Amino acid sequence: MLVGLVALAGGCTETVFSSCNCDGDLDQSDGDLLQGDVDIETEAELDGVDGDDEKEMAESLGEDAELHEDDTFSDGDVEVESDTESEIEGDMEADAEVEEDDGMNLGIAWADIPGGSTYVGCQPGDDECLDQEYPMIVVHINDFQMMTTEVTQEQYEQITGDTPSHNRDCPICPVENVTWFEARDFCYYIGARLPSHTEREYAARAGRMEIFICNDAPDCLEDHAWGTRNSEQRTHPVGTKLPNDWGLYDMSGNAHEWVEDCYSETLEGTPDDGSPRTGCQDGMGMVCGGSHYSSTEYMRLSYYVGKHTYTNTISLGFRCARDIIIK
């Protein structure tokens, strides 16, 4: 169990795996969501499962699911940079390599993600895009490493002494039911960080300019992701579906994943260098990728949604990233 470990983040000091009550990039003054002029939807509704169904699913695992509300989003304009698609794809011809060396006996495998440029956001021909997935932008990403799988329950428990997961009978399933703070602190503790939104989408695409991780049609997801069509409404052991072209597993479905960024209702203003968007105003973080509760429209590579940083649900996990240190 961690005792007295201190991390510095967002301009404040906090004890790891506890809440931060000081001022930083994230507004952490309370756990309430801003409910101005926007509609409120639960995560279950966003993923095509109503709140009653998700609670019933959680109870079948022996726990009650606590559902949190989310803001919906405003319209954005579609703009495409002048870079040609062939030029962008040409920057990412190198294959990622997998390195099994975490130094803490956690069994973490890291994939080398080669730097390059890509379009991020709603892809041409995608009719399912949400307002926040516009406008399409070009980002330039430096080399970095990403965990090949989501953090598992046994990895999380080895560091924290416990697992918050509802599906507790599967130690090699993704840890879920974690807040943004808990995910960030775990990554910090192992010498890593949460990936940014653009790093994650870039890594998930692995050089592909397609709607899904494997094609422009959702039928291929059966072999690559756990969603409503094949998950039996529970998480599954990580790495049991096919990886993407850079050796990353479950990027489109098993657990949703926290990223470092603050949530934004538009991609306009997103840093183009792979760094996260900061300066959260309403305590809203960002979640990417599909989950075992997701229908195919929420398993698209450009999909992301806002969640309050204190949110923890039975479908919400994470994976870590780290910069490549040149020796």
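Values in this text are rule-based calculations from the coordinates and carry no lab data. No experiment lies behind these values; they were computed from the predicted model shown.
The shape of segment 97-195 can be summarised by an equivalent ellipsoid whose semi-axes, obtained from the alpha carbon gyration tensor, come to 30, 19, 12 Å from longest to shortest. Each Cα pair under 8 Å and six or more residues apart adds its sequence gap; the mean of these over the residue count of segment 266-327 is a relative contact order of 28 percent.
The value for segment 203-327 of Rg(Cα) / (2.2 N^0.38 Å) is 1.07. Across all Cα atoms of segment 111-267, the radius of gyration (one decimal) and Dmax (whole number) stand at 15.7, 46 Å.
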